[in-house]
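The values are calculated or read from the model by the stated rules, or taken from the named source; none is laboratory data. Please read these numbers as outputs of a predicted model, since none were measured by experiment. Positions of Cβ are backbone-derived with ideal geometry, glycine not excepted, and every protein chain shown enters the neighbour counts. The accessibility values were calculated without ligands, DNA or RNA, using every heavy atom of the protein model including side chains. Shrake-Rupley method; radii C 1.70, N 1.55, O 1.52, S 1.80 Å.
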Amino acid sequence: MKIKKNIPLIDQHDKNYMYGEKFGGNFIPETLKKPIDDLTKLFTRLRKDKKFLKERDHYFKTYVGAPTPFIKLENLTDQLGGAQIYAKVVSEANGGAHKIYNATVHCLIAKRAGKKFVVGDTGAGYAGKMLSMAAKKFGLKCKIFMGSKDIKRQQPNVEAMKRNGAKIVPVTTGSQTLVDAVSECMRYWVSNCDTTHMCVGSTVGPNIFIKICAWSTAQISRELIVQVKEEFGRIPKKMKLLNCVGGGSSAMGFWNEFMDYDKKQVEFIGIEAGGPKKKKLHAAPLTNGSKIGILHGSAAYCVQNSEGQIKETESISAGLDYPSVSALHCFLKDAKRARYTSATDEEALEAFQLVSKLENISPSLEPSHAFAEAIKIAPKLKSSDVIIVNSCGDSLKDKDIIKQKLGEYIR
Ligand SMILES: Cc1ncc(COP(=O)(O)O)c(C=O)c1O
């Protein structure tokens with residue numbers, strides 16, 4: 001399996017929308033064929049439409065707040081020794097995470113499609129919060145599906161969605177987390193697609209949703225490549241881009257513009273949720289050699305039992321607590337362009353503590369998984385090596401979990 005150069009990764013599929021002949025596709029019910037075809041046609045046209053691109057860039061700048069900062073973590077670098085550690089502080093984007101890029105683009109598309117309603121899924125609550133924000137901004141009515149377990153553990157984002165006027169639909173089936181929220185959201189869309197646009201909150205689902213999401217978050221690496229060249233005068237000889245991976249949208253956005261660099265120069269490291277140290281449960285299909293399964297209309301590595309049923313996952317981080325992953329990451333893994341590993345709940349919490357103690361940023365539990373890997377590898381590297389971590393979410397949404405686990409929450 002090989003990644004082609006000079007072709008956007010999202011377009012490297014065959015006529016059945018499969019990447020590397022194994023991942024992705026459109027495994028959808030007949031009723032969704034037309035709405036998916038319509039959306040595919042519309043997006044194919046819009047991504048080449050100069051007026052639409054101008055509009056997107058305008059809102060990325062004036063509404064999302066792009067570009068987000070790129071900073072050196074000097075205290076962390078000094079403390080660990082070894083590689084220089086930097087962060088792309090995507091949590092400074094409006095709303096506090098990368099999900100705002102996808103939500104903004106989806107609302108712009110919904111308006112072009114003449115839809116008045118948007119519906120979306122959420123786990124950590126950021127995808128829902130951002131969709132409700134963008135819907136409010138662009139005058140659309142918004143409904144968010146969220147697992148009951150996540151509603152309890154991500155209250156600050158739930159409150160934000162309510163303030164933005166969104167209707168939250170609690171999902172009480174299955175594990176009551178993101179996987180069930182996506183399923184219920186898709187089920188709802190099947191019967192309401194005439195009036196309603198659906199936003200999938202990550203690079204998962206039928207192909208068009210993977211494409212729109214990765215195309216939207218690619219803004220992160222468009223900014224980063226400029227910022228890295230400004231800082232170093234060129235792309236450093238050895239640079240590692242570390243990103244947590246749930247569905248995989250922030251990692252895709254963080255890596256996109258660097259895809260054609262040799263992996264010896266620009267290495268991609270994806271960090272999945274290893275779950276609690278003392279339990280076997282995890283949400284890390286790429287790290288743990290899970291088999292390919294079909295979930296939410298797409299073929300990808302999935303945490304599953306011997307009968308192919310989705311298996312329970314567990315992670316301290318609601319945003320990473322998903323049994324599958326983007327077909328794009330499966331493709332990058334099998335093509336050996338990216339390396340995937342995991343961090344446990346405990347390692348993520350320790351990384352959160354260390355980073356927020358030493359630096360003026362406060363990563364949420366998702367990017368804390370990526371910081372845990374940075375903390376592991378930095379001391380073994382040379383001072384000319386550069387590590388950049390995507391700090392893609394703010395810890396405020398996790399304040400209750402952190403307080404419960406550590407006894408206090410200090411930002
Ligand atoms: C802050 C943050 N980071 C990461 C993720 C994981 O999602 P993805 O892998 O799509 O970026 C989430 C998901 O909710 C999130 O809220």
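Details
- The residue pairs whose first member lies in the range 243-257 and is near the ligand (Cβ under 8 Å from one of its atoms) and at pLDDT 95 or above, whose second member is open to solvent by 10 Å² or more (accessible area, probe 1.4 Å) and basic (Lys, Arg), and whose beta carbons are closer than 8 Å, counting only pairs six or more residues apart or on different chains, are SER249/LYS99.
- Filter pass, ILE294 being of a type in the set (A, V, I, L, M) and away from the ligand (no atom under 15 Å from the Cβ): yes
- Pair list, Cβ under 7 Å, 6 or more apart: the range 43-60 residue of a type outside the set (S, T, N, Q), other residue open to solvent by 50 Å² or more (accessible area, probe 1.4 Å): LEU46/ARG112
- Within the range 84-117, the set of residues being open to solvent by less than 10 Å² (accessible area, probe 1.4 Å) and farther than 24 Å from SER364 by Cβ comprises LEU108, ILE109, ALA110.
- Leading residue by the ranking (surrounded by the fewest Cβ atoms within 10 Å (Cβ to Cβ)) among those in the range 209-232 that are among the acidic types (Asp, Glu) and more than 15 Å from ALA66 (Cβ to Cβ): GLU230
- Consider the range 125-141 and keep the residues that are open to solvent by less than 10 Å² (accessible area, probe 1.4 Å) and of a type in the set (A, V, I, L, M, F, W, C). The one that is nearest to the ligand (Cβ to nearest atom) is MET130.
- Residue in the range 120-135 that is touching a strand residue (DSSP E or B) at 6+ places or on another chain (Cβ under 9 Å), touching a residue at least 12 places away in the same chain (Cβ under 8 Å), on the phi > 0 side of the Ramachandran plot and not charged (D, E, K, R) present: yes
- Some residue of the range 259-273 being acidic (Asp, Glu), under 19 Å from the mean Cα position of the chain (by Cα), open to solvent by 10 Å² or more (accessible area, probe 1.4 Å) and more than 12 Å from the ligand (Cβ to nearest atom): yes
- In the range 203-228, the qualifying residues are those that are touching a helix residue (DSSP H, G or I) at 6+ places or on another chain (Cβ under 8 Å) and among the polar types (S, T, N, Q), and the one that is farthest from the ligand (Cβ to nearest atom) is ASN207.
- Against the conditions (1) touching a residue at least 40 places away in the same chain (Cβ under 8 Å); (2) not in a helix (DSSP H, G or I), ASN16 satisfies every one except (1).
- Considering the range 381-399, and only residues there that are hydrophobic (A, V, I, L, M, F, W, C) and within 16 Å of the chain's Cα centre (by Cα), the residue that is farthest from the ligand (Cβ to nearest atom) turns out to be VAL389.
- Every pair of residues 6+ apart whose Cβ atoms lie under 8 Å, when the first sits in the range 19-31 and is without any contact (Cβ under 8 Å) to a residue 24 or more places away in the chain while the second is assigned to a loop (DSSP other than H, G, I, E, B): GLU21/ASP14
- ALA351, sole failed condition from (1) under 22 Å from the mean Cα position of the chain (by Cα); (2) touching a residue at least 40 places away in the same chain (Cβ under 8 Å); (3) within 16 Å of the ligand (Cβ to nearest atom): (2)
- Single unsatisfied condition, VAL200 versus (1) of a type in the set (A, V, I, L, M); (2) over 14 Å from GLY246 (Cβ atoms); (3) within 16 Å of the ligand (Cβ to nearest atom): (2)
- Scope the range 298-330; condition assigned to a loop (DSSP other than H, G, I, E, B) and under 16 Å from GLY248 (Cα atoms); matching residues: CYS302, VAL303, SER315, SER317, ASP321, TYR322, PRO323, SER324, VAL325, SER326
- Verdict on CYS185 being within 16 Å of the ligand (Cβ to nearest atom) and in contact with a Leu (Cβ under 6 Å, 6 or more places away or on another chain): no
- The listed residue being open to solvent by less than 10 Å² (accessible area, probe 1.4 Å) and near the ligand (Cβ under 10 Å from one of its atoms), out of ALA318, ALA299, ALA327, ALA284: ALA318
- Of all the numbered requirements in (1) β-branched (Val, Ile, Thr); (2) surrounded by fewer than 24 Cβ atoms within 10 Å (Cβ to Cβ); (3) within 26 Å of ALA299 (Cβ to Cβ), VAL200 misses one, and that requirement is (2).
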